[in-house]
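Trainee: Could you have a look at this structure, given as structure tokens, before my questions?
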Amino acid sequence: MREYLRVMKAAADSTRVKILKMLEMRDLCVCEMQSVLGISQPSVSRHLRLLEDADLVRSEKEGMWTNFRLARPEEVNQYSKAILDHLKDWLKDDQSIQNLLEQARVVDRVTCSGQ
């Protein structure tokens with residue numbers, strides 16, 4: 001029951017759903033998500049930590065960057081797998097999600113991080 005509730009709680013927040021939808025499109029770093037979502041770095045990191053704890057997201061170090069991606073089917077529990085399996089079909093007709101994805105498609109970590 002605990003695993004199920006952790007996944008459902010993680011997936012039941014609008015900001016975390018937005019993060020999942022962006023990561024469905026491509027891997028992103030925290031500063032890219034921060035730029036698109038318009039929220040603070042600590043807030044993005046907190047949301048990502050909850051998504052990682054729920055087996056929905058994974059992080060990978062690449063040089064000075066930490067990239068986040070959706071978890072792969074072999075890395076997740078049955079509840080996370082169900083969410084991720086259906087994610088691609090959800091919110092296709094939501095204009096705010098489409099606008100968000102347009103921004104996420106072109107955001108650049110070098111520009112948003114000031115590097």
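The values are calculated or read from the model by the stated rules, or taken from the named source; none is laboratory data. Fair warning: this is a prediction, and the values are worked out from it, not measured in the lab. For neighbour counting, all protein chains shown are included, and Cβ atoms are generated from backbone atoms with ideal geometry for every residue, glycine included. What goes into the accessible areas is simple: the full protein's heavy atoms, side chains included, and nothing from ligands, DNA or RNA. Shrake-Rupley method; radii C 1.70, N 1.55, O 1.52, S 1.80 Å.
Trainee: Find the helices (runs of 4 or more DSSP H) located wholly in segment 26-115 whose residues include 2 or more that are open to solvent by 50 Å² or more (accessible area, probe 1.4 Å), of a type outside the set (K, R) and touching a Pro at 6+ places or on another chain (Cβ under 9 Å), and list them. First the steps, then the outcome.
Mentor: Details: elements: 30-37, 41-53, 78-87, 95-106, 109-113.
In segment 26-115, no matching helices (runs of 4 or more DSSP H) lie anywhere.
Trainee: Looking at segment 1-25, which of its residues are open to solvent by 60 Å² or more (accessible area, probe 1.4 Å) and basic (K, R)?
Mentor: R2, R6, K9, K18
Trainee: Does L87 meet the test of being aliphatic (A, V, I, L, M), at pLDDT 95 or above and under 16 Å from the mean Cα position of the chain (by Cα)?
Mentor: On the way: aliphatic (A, V, I, L, M): yes; at pLDDT 95 or above: no; under 16 Å from the mean Cα position of the chain (by Cα): yes.
Criteria not met by L87.
Trainee: Further question: Could you please tell me which pairs satisfy a Cβ distance under 8 Å, a separation of 6+ or placement on different chains, a first residue in segment 80-106 that is on the phi > 0 side of the Ramachandran plot, and a second residue that is modelled with pLDDT of 95 or more and open to solvent by less than 70 Å² (accessible area, probe 1.4 Å)?
Mentor: Final answer for the pair search is L91/V17; L91/K21; L91/I97.
Trainee: List, please: which pairs have Cβ atoms under 7 Å, are six or more places apart or on different chains, and start with a residue in segment 43-62 that is under 14 Å from V17 (Cα atoms) and modelled with pLDDT under 95 and end with one that is open to solvent by 50 Å² or more (accessible area, probe 1.4 Å) and among the hydrophobic types (A, V, I, L, M, F, W, C)?
Mentor: Between residues of segment 43-62 that are under 14 Å from V17 (Cα atoms) and modelled with pLDDT under 95 and residues that are open to solvent by 50 Å² or more (accessible area, probe 1.4 Å) and among the hydrophobic types (A, V, I, L, M, F, W, C), there is no close pair.
Trainee: Residues R16, R46, R69, R58: which one is under 30 Å from M1 (Cβ atoms) and out of contact with any helix residue (DSSP H, G or I) (no Cβ under 9 Å at 6 or more places or on another chain)?
Mentor: Values: R16 fails: out of contact with any helix residue (DSSP H, G or I) (no Cβ under 9 Å at 6 or more places or on another chain); R69 fails: out of contact with any helix residue (DSSP H, G or I) (no Cβ under 9 Å at 6 or more places or on another chain); R58 fails: out of contact with any helix residue (DSSP H, G or I) (no Cβ under 9 Å at 6 or more places or on another chain).
So the residue among R16, R46, R69, R58 that is under 30 Å from M1 (Cβ atoms) and out of contact with any helix residue (DSSP H, G or I) (no Cβ under 9 Å at 6 or more places or on another chain) is R46.
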